[in-house]
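Novice: The following block contains the structure, expressed as structure tokens.
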Amino acid sequence: MSRIVMMVLTSALVGALCLFCHGRSDGADAVDVLALPTPLPPEEVLKQFRLPKGFRIELVAAEPLLEEPAAIAFDPQGRIFVCECHGYNLDGYEDAAEWKRKGSKPTREIIRYSASKQSRERAAKGTFGRVRLLEDTDGDGRMDRSTVWADRLGACYGVIAARQGVIVLCAPDIVYLADRDGDGKVDVRETLFTGFRKREMERGINNPRWGLDDWIYVGAGGHGGTIRGPHLSKPIELRHSDFRIKADGSAIEPVN
């Protein structure tokens, strides 16, 4: 029988969808952005899926093994590397909290305005990227061990296995991480490229994929930048196009 095994990483994603679907699009209903919905337990999340006949879904990983997942990649050993993106829209949350402290009632219309400088500064302290390594130590098909591989990176929106390690997209950088001595900890951390512009957190470089030509293709996110790296002979100017890179950091070029 044909089947596909899908991964449910976190029940918080369902809660986030509930938050954004609440209220009328014309702004007539007030939305208290501080009253977050309660996430469902992972087992209950599975019940929300409707699958075609002959398919099934299995739980592979969930909180507390990880938080705020944005991207995943399997390595040749069957381990999962997870990009976590902490602090998304935290400036908007801080701004809404400030409105509430003043006695105002946030609505969809209000929270479209840019957050205050004070809110952005508070939010910056809690906004960062992280890479976790998830492992199945007993062979039952469900991850049971979680290790923080790299912390306090830029917002992480992509990871891919390469060169016996992983390459992580965390604007303004693209970073290579590896464990050479097999102790489960990162002992190689190299910035392959830097200089990618950052604006909106959710529009960073993303979604790396191996091509048949041995290049890694990356979604641009729309900002470009003047890109430098220790293995580049000169800076490369990227506009608003996607791009591709060599896994050793020796080349980067725009594609469309």
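Novice: Can you go through Phe55, Phe49, Phe20, Phe74 and tell me which one is modelled with pLDDT of 50 or more, closer than 28 Å to Cys170 by Cα and aromatic (Phe, Trp, Tyr)?
Specialist: Only one candidate qualifies: Phe74.
Novice: Can you find, within the stretch 193-217, the residue that is surrounded by the most Cβ atoms within 10 Å (Cβ to Cβ) among those that are more than 14 Å from the chain's Cα centre (by Cα) and under 13 Å from Asp173 (Cβ atoms)?
Specialist: Phe193
Novice: Given the criteria of a type in the set (Lys, Arg), at pLDDT 95 or above and open to solvent by 60 Å² or more (accessible area, probe 1.4 Å), does Arg145 qualify?
Specialist: Yes: the conditions hold for Arg145.
Novice: When the stretch 166-191 is examined, which residues are found to be within 15 Å of His231 (Cα to Cα) and out of contact with any Leu (no Cβ under 9 Å at 6 or more places or on another chain)?
Specialist: Result: Thr191, single match.
The values are calculated or read from the model by the stated rules, or taken from the named source; none is laboratory data. Keep in mind that what you see is a predicted model, and the values were worked out from it rather than measured. Glycine gets a Cβ as well: all are built from the backbone with ideal geometry, and neighbour counts include every protein chain shown. For accessibility, only protein heavy atoms count, side chains too; no ligands or nucleic acids. Shrake-Rupley method; radii C 1.70, N 1.55, O 1.52, S 1.80 Å.
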